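Undergrad: Please read through the structure below; I'll follow up with questions.
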Amino acid sequence: MFIVNTGVPPKSNVVGAIDIITRELRNLSDFAASHSVRIALEPLNATAMNTETAIWTISQALDIVDAVDRSNVGICLDLWNNWQDARIEDEIRRADDRIFVLQVSNWRTPHSSGRITGF
């Protein structure tokens, strides 16, 4: 499993970032499939908008996964990132078997700010 997010939207252009991640996930998924690897797109918490991500809801992630349209591309559901979503139960049902990874919470204090640190 390989977990990805959208990264920072260039010039705060969320639509452009979604177009890029959709295109690149298609390319990456073909390569990953040849190595029997699945890719999970992780929507991050809204507090990371424009600093780490262009999406913050399960629905947005599923829309991208639908657009990529590859069986080895799904989502990483991180409940710390998505707990505040008023439609979380409906979105989890919509995701169904496209939830490839479930994280209950990997938040650490102090926050790693995207840097990998010792565990």
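Undergrad: Please give the calculated 222 nm ellipticity per residue for the chain, where each DSSP H segment of at least 4 residues contributes -39500 (n - 2.57) and the sum is spread over every residue; nearest 500 deg cm²/dmol?
TA: Only helices count here, giving -11000 deg cm²/dmol.
Undergrad: 5 Å is the cut-off here: which amide hydrogens, built 1.01 Å from N in the peptide plane, fall below it relative to ILE75, excluding neighbours closer than 5 in sequence?
TA: Long-range HN contacts for ILE75: LEU41, ILE99, PHE100, VAL101.
Undergrad: Show me 36-44, 79-87, 16-24 ranked by packing, highest mean number of other Cβ atoms within 10 Å first.
TA: Descending packing order for the listed peptides: 36-44, 16-24, 79-87.
Undergrad: Separate question: Find how much the distance from VAL37 to ILE3 grows on full extension, using 0.36 nm per residue of separation minus their present alpha carbon separation; answer in nm with one decimal.
TA: Once the chain is fully extended between VAL37 and ILE3, it gains 11.2 nm.
Undergrad: Please work out whether the chain counts as rounded, prolate or oblate from its C-alpha gyration tensor, where a ≥ b ≥ c are the square roots of the eigenvalues and a/c under 1.5 means rounded, while otherwise a/b larger than b/c means prolate and anything else oblate?
TA: It comes out rounded by the Cα gyration axes.
Undergrad: Mind checking the alpha-carbon convex hull of the range 23-89 and giving the volume per residue in Å³?
TA: Spelled out: Cα convex hull of the range 23-89, divided by residues, is 92 Å³.
Undergrad: Obtain the nm distance between the two label points defined at GLU24 and ASP63 by a simple spin-label model: each point lies 7 Å from its Cα along the Cα-to-C-beta direction.
TA: So the two model labels end up 1.9 nm from each other.
Undergrad: Right, next: Given contacts defined as C-alpha pairs under 8 Å and at least six residues apart, what's the relative contact order of the range 33-98, whole-number percent?
TA: 38 percent
Undergrad: Taking amide hydrogens as modeled 1.01 Å from N in the peptide plane, which residues meet the under 5 Å criterion relative to THR6, leaving out close sequence neighbours?
TA: Those lying under 5 Å, H to H, from THR6 are ALA54, ILE55.
Undergrad: Step through the residues of the range 34-40 one at a time and calculate ³J(HN,Hα) from phi using the Karplus curve (6.51 cos²θ - 1.76 cosθ + 1.60, θ = phi - 60°), rounding each to whole Hz and writing x for Gly and Pro.
TA: For the range 34-40, the Karplus-derived couplings read 5, 10, 6, 10, 9, 10, 10 Hz, x marking Gly and Pro.
Undergrad: Let me ask you something else. Averaging sequence separations of C-alpha pairs under 8 Å and six or more residues apart, then dividing by the length of the chain, give the relative contact order as a whole percent.
TA: About 25 percent, as a whole number.
Undergrad: Take peptides 25-34, 65-74 and line them up by average Cβ neighbours within 10 Å, highest first, as a rough protection proxy.
TA: Ranked by mean Cβ neighbours within 10 Å, highest first: 65-74, 25-34.
Undergrad: Once the piece of chain linking ASP96 and VAL14 is laid out straight, how much longer is it, given 0.36 nm per residue of separation minus the C-alpha distance between them?
TA: Here the segment from ASP96 to VAL14 would lengthen by 26.9 nm.
Computed from the coordinates by the stated procedures, all read-outs in this text should not be read as laboratory data. Keep in mind it's a predicted model, so treat the numbers as computed, not measured. Using ideal geometry, Cβ is built from the backbone for each residue, glycine included, and neighbour counts are taken over all protein chains shown.
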